[in-house]
1. Suppose every K and R has +1 on its Cβ and every D and E has -1 on its Cβ; what is the size of the dipole of the stretch 135-244 about the Cα centre, in Debye to the nearest 20?
2. Ranked highest first by the average count of other Cβ atoms within 10 Å around their residues, in what order do 170-178, 190-198, 40-48 fall?
3. For Arg208 and Glu224, compute 0.36 nm times the residue count separating them, minus their Cα-Cα distance, and round to one decimal in nm.
4. Equivalent-ellipsoid semi-axes (√(5λ), Cα gyration tensor) for the stretch 72-161, whole Å, largest first?
5. Taking the Cα centroid of the stretch 3-48 and of the stretch 79-153, what is the distance between the two, rounded to the nearest whole Å?
6. For Tyr292 and Met41, compute 0.36 nm times the residue count separating them, minus their Cα-Cα distance, and round to one decimal in nm.
7. Can you work out ³J(HN,Hα) from phi for every residue in the stretch 158-170, in order, using Karplus 6.51 cos²θ - 1.76 cosθ + 1.60 and θ = phi - 60°, giving whole Hz and x for Gly and Pro?
8. Calculate the spin-label point distance for Asp7 paired with Arg160, positioning each point 7 Å from the Cα along the beta-carbon direction, and give it in nanometres.
Amino acid sequence: MLINLFDWLTKNIGEFPGSGLWQYITFRAGLAVIFSLIISMIFGGKIIRSLQRKQIGETVRDLGLQGQLEKSGTPTMGGIIIIMAILVPTLLVAQLDNIYVILMIIATIWMGLIGFADDYIKVFKKNKKGLSGWFKILGQVGLGLLIGLTMLFHKDIFVRLNVETAAEMNLTAADQIKRTGSEASVLPADKADYSLLVTNVPFLKSNRLDYTRLLPIDNDSLREGVGRILFVLIVIFIITAVSNAANLLTDGDEVDSIQKEIGILRACSHPNVVRYYGSYRTPDALWISMEYCAGGSVSDVMHALGRPLEEDMIAYVCSEVLKGLASDIARLLVRKSITEPLANLVSGLFSGGAGASGGGFFNLGGLF
């Protein structure tokens with residue numbers, strides 16, 4: 001907006017000190033960085049405090065994991081600050097008729113809406129999983145398709161090459177995009193614009209990736225069509241991969257189940273319940289420190305005996321299990337999660353089957 005304002009002032013009032021600076025991308029880029037920092041510092045804290053007052057924040061269960069509680073209370077909609085710090089400076093200092101700027105604005109708003117929907121479901125609908133993964137992927141693929149097709153067919157997206165380099169690629173004057181008027185005046189004499197399926201990649205020879213030559217196809221028209229399809233697919237892959245780069249570790253069902261067990265063990269202090277000492281997370285593993293049971297589980301005892309337990313042993317095991325359940329753990333376990341394991345334990349004790357593991361929660365190994 002500001003660049004259009006200064007253009008209008010220059011045309012109607014005349015040149016004035018500093019008006020020419022707006023024509024330089026470096027000046028506008030630096031100004032955008034300053035605006036972004038100002039917006040983040042002035043409005044960032046206010047937005048975070050406002051979200052915290054409204055209790056729109058991340059709820060994290062205290063499971064004893066190192067660094068786990070650092071995210072507790074962090075506003076889940078804090079991405080508003082990032083979006084403001086991107087969009088406001090862009091709208092102020094960028095050329096809004098530039099197709100690349102338009103695509104950037106669309107992509108930011110599009111992904112922001114997906115993130116907003118995810119946080120809204122988590123916070124207001126009380127659904128911890130948020131927006132379904134399939135909807136997220138669908139939104140990202142849709143954005144990739146939009147950007148890929150726009151870059152493929154829009155007239156303002158082109159590749160500018162030296163005429164000599166173009167000749168080495170078997171391009172002639174007929175392949176050039178014709179420029180007239182002011183567009184032709186700013187184009188260097190030794191350069192020309194071409195509509196090509198080529199991307200500059202620093203680590204490739206000649207820094208060019210030609211999508212039409214990725215597959216060995218002799219037919220020119222077929223090679224061109226396949227190249228266009230590959231280009232769109234690669235754009236979709238890049239956008240989806242970048243969007244999900246920070247979400248590789250998610251709260252899946254397995255992790256959620258482990259966290260529930262840790263929470264239960266951490267709150268228990270009965271001697272018949274395995275004692276929990278702490279959890280430690282490494283980049284590739286979750287280490288749980290628990291009490292050592294020298295006698296092993298009930299199933300270990302049964303395997304050592306080579307036969308099912310006798311009735312007096314079964315009665316003793318069930319009695320000690322119920323003592324553990326009667327402690328703090330009884331208030332923590334959901335009824336549905338208690339009935340089936342307990343039934344499996346009792347049936348396993350009588351049959352001698354694998355269902356008699358019983359040592360997952362209960363410190364019964366040293367009783368025999």
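1. Working: 11 positive and 11 negative charges, 71 e Å.
Charge dipole, the stretch 135-244, about its Cα centre: 340 debye, nearest 20.
2. For the peptides 170-178, 190-198, 40-48, the packing ranking is 190-198, 40-48, 170-178.
3. Taking Arg208 through Glu224 to full extension adds about 4.1 nm, to one decimal.
4. Ellipsoid half-lengths, sorted descending, are 30, 18, 7 Å.
5. Between the Cα centres of the stretch 3-48 and the stretch 79-153 lies a distance of 24 Å.
6. Taking 0.36 nm per residue and subtracting the Cα distance, the gain is 85.2 nm.
7. 8, 10, 9, 10, 5, 4, 5, 5, 5, 5, 5, 8, 6
8. 1.7
FYI, it's all coordinate maths here, none of it is from the lab. Please read all numbers here as calculations on a predicted model, not as lab measurements. Using ideal geometry, Cβ is built from the backbone for each residue, glycine included, and neighbour counts are taken over all protein chains shown.
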